[in-house]
1. Could you tell me which of Asn406, Met349, Ser271 has its Cα farthest along the dipole of the chain towards the positive end, charges placed at Cβ (Lys, Arg +1; Asp, Glu -1), taken about the Cα centre?
2. Can you figure out the FRET efficiency of Arg284 with Ile246, using R₀ = 35 Å and their beta-carbon distance, to the nearest 0.05?
3. What shape does the chain have by the C-alpha gyration tensor, where a ≥ b ≥ c are the square roots of the eigenvalues, rounded means a/c under 1.5, and otherwise prolate means a/b greater than b/c and oblate the rest?
4. With a 10 Å cut-off between alpha carbons and a GNM built on the chain, which of Leu19, Leu37, Leu134 moves the most?
5. From Cα pairs below 8 angstrom and at least 6 apart in sequence, can you work out the relative contact order of segment 353-444, rounded to a whole percent?
6. When a footprinting reagent is the concern and you count Cβ atoms within 10 Å, what order do His237, His361 take, fewest first?
7. I'm a student and want to see the number: the projected area of the Cα convex hull of segment 1-87, averaged over all directions, in nm².
8. Quick check on the chain: helices-only [θ] at 222 nm, where DSSP H runs of length 4 and up contribute -39,500 (n - 2.57) each and the sum goes over total residues. Nearest 500, please.
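Throughout, read-outs are computed from the coordinates displayed, never taken from laboratory work. Small disclaimer: the values here were computed from a predicted structure and weren't measured. Quick reminder, even Gly has a Cβ in these numbers, built from the backbone with ideal geometry, and neighbours come from all protein chains shown.
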Amino acid sequence: MRSYLIIGMCVLFLLQYFLKMQWLEYSVVALSILAFLGSAFKADKFPRLLGIIMMTLGLVIEWNKGTGIAGISDGIFLILPLISLITLAPLLSIPLRLGGFFQSISVLLKNLLLQPKKLYAGITGTLFFLTPILNLGSVRIINEFLDELKLPSALSAKGYLVGFTTAVIWSPYFASVSLVLHYLNIPYKDYIIYGIGFSLLSLIIGNLLFVIWLKRHPLTEKSSDEKILIEKIHQQHLVKLMFFVISLIGSCLVIEYLTNWSMIVIVCLVSIIIPLLFGIQSKRWDELIPRLVDFRDRTVLMLNNEIMLFMSAGMLAFAMKGTAAANGISDFLTTLAHQSFLLFAIAVMVIVLCITYIGIHQIAAVGALAMQLNAAELGISNISLALLLLLTWSISTGLSPFSGLNLMVSRFAGISGVQTGLRFNGLHYAVIAIIGIGIISLIG
């Protein structure tokens, strides 16, 4: 029943986007509240507590602003695009699984086992292509491939975090990019070159730092003469995978250019259409339908923590807009920006890192800043502000011991969240922050 509630909420949101009916918007909001309450009973203890606190604060703040039910409804509806995105995007993994792509990736990574540098490049590169579509599912899949190989904790922690966080900066299938560009009113086609450029830079720096780290901490290599041959079919699958990702992004850009629809809506629609096209083209409905049923009965029901955190953090971010506290922070940052862009950028990063390091989701911290800050008043372009916020989001995702990524990787690697973030990846994110701020200051 709960899965139908969540899927129905997403479908009604998409209908409302095109039909623009007030009664339909209220219906979607009502379903959202029911989905939030339903997820509260199934969520883990910490996300449940944090979600209830943030939602309560958001509702109280918004009510005290005098906006009433209408304001609360607007706050919840504003975050619905992201809820729909995280709900529907996993549908894209179905064609990849049925198409044999994952098996080819497994063969590639196992073939690189005895070459740490190439294995690290393989892990980060694979995540660079898979994560934009599969989100955290990409890390889970890669770990399934490599779990039996018992990789060193440092290699897992470094590879998973560096590879994953590149997508946070550029993927339209991620809440980070969708939210920031949505709030700053930036078309994705104007941003994509900058986003991919930053992501590739992060990927290259991560691999270079790993080579340096490897010289000081050589990994013990297992002696083996066994080498798994990468058959032609697997090579073809790997090429097709890259083509699939490029085609998806390209399709979204073309649709955005032709229609001027929101990129979040486009991504949701594409996520629904691609599995159906796969079924029509391959005629493998007997394999596809069970996967769709599994998506409905298992995947959607696993979103309890995400729905709790995303909806409550979004409500809190919306409620904070225009408050004395938010205006004070905005005035402080604007003053800093006029004095020095470097001080402004550092302040933004420190504020977000401090908030996320105690467990508050990036949506609340970055979302509030995106809604509150005005690029023109800061003396910078919208693109520069978006890059700074997304760079900060990416860094805080890797460093915060409470982020979904950090919690998952620390569990896989068998180490604490602080070790996963600060100890093994602190230098990487420090270098990325310094170089990133320098580049953004040049963009202006």
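1. Result: Asn406, furthest along the dipole toward the positive end.
2. After rounding, the FRET efficiency stands at 0.90.
3. In terms of gyration-tensor shape, oblate.
4. Largest GNM mean-square fluctuation: Leu19.
5. 31 percent
6. The fewest-first ordering by Cβ neighbours comes to His237, His361.
7. 5.7 nm²
8. -26500 deg cm²/dmol
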